[in-house]
1. What is the calculated FRET efficiency for PHE44 to SER17, with r their C-beta to C-beta distance and R₀ = 30 Å, to the nearest 0.05?
2. How much length would be gained if the chain were fully extended between HIS113 and ILE89, taking 0.36 nm per residue of separation minus their Cα-Cα distance, in nm to one decimal?
3. Treat the count of other C-beta atoms within 10 Å as a stand-in for reagent exposure and order LYS90, LYS102 from fewest to most.
4. Cut-off is 10 Å between beta-carbons; in what order do ARG39, ARG117 appear when sorted fewest neighbours first?
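Values quoted throughout were computed directly from the atomic coordinates according to the rules given, and no laboratory measurement underlies them. Computed from a predicted structure; not experimentally measured. Glycine also receives a Cβ, built like all others from the backbone with ideal geometry; neighbour counts cover every protein chain displayed.
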Amino acid sequence: MAVEGEQLVVHRFRTGSLGLAAPDSTDPPTRRPPSFWIRLKLFFTPAQRDSVRAVCIPAGARLVVEDIPEQLHLAIGVGEIGLATFTRIKAPGTYRDAVRFKNGREVRLQELHEGQRMWVMNLFPRAQASEPVLDALSRV
């Protein structure tokens, strides 16, 4: 479950879908490249489970979305940084997690870019944002 004031990143999981994860869990390990034989073994080994865990966010949570690519922010009418509400789109047979910007435009997480950052302002819209969250917003 997400925590107020937490920074999240858009991460591509092994399934190919995009979701939100803690940034420290998505950093690639720093080690030397595997040898030819290890790469060969890994090629024939069934895929391991993704070690990065998705972070759950309740619908209605308020977010600050950063690093919005130019093409996307021009298309939806927001800046490079935007305030948004986490929502779920009611569309059967498709990804439902999305963010709704203040201008009403909705963007599915699948349309965002891998590595894009978000800050959790507050999880419950009626609650007042905490001090760490307000500090993070003052830097935006």
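1. 0.75
2. 6.8 nm
3. Listing LYS90, LYS102 from fewest to most nearby Cβ atoms yields LYS90, LYS102.
4. Lowest to highest Cβ neighbour count: ARG39, ARG117.
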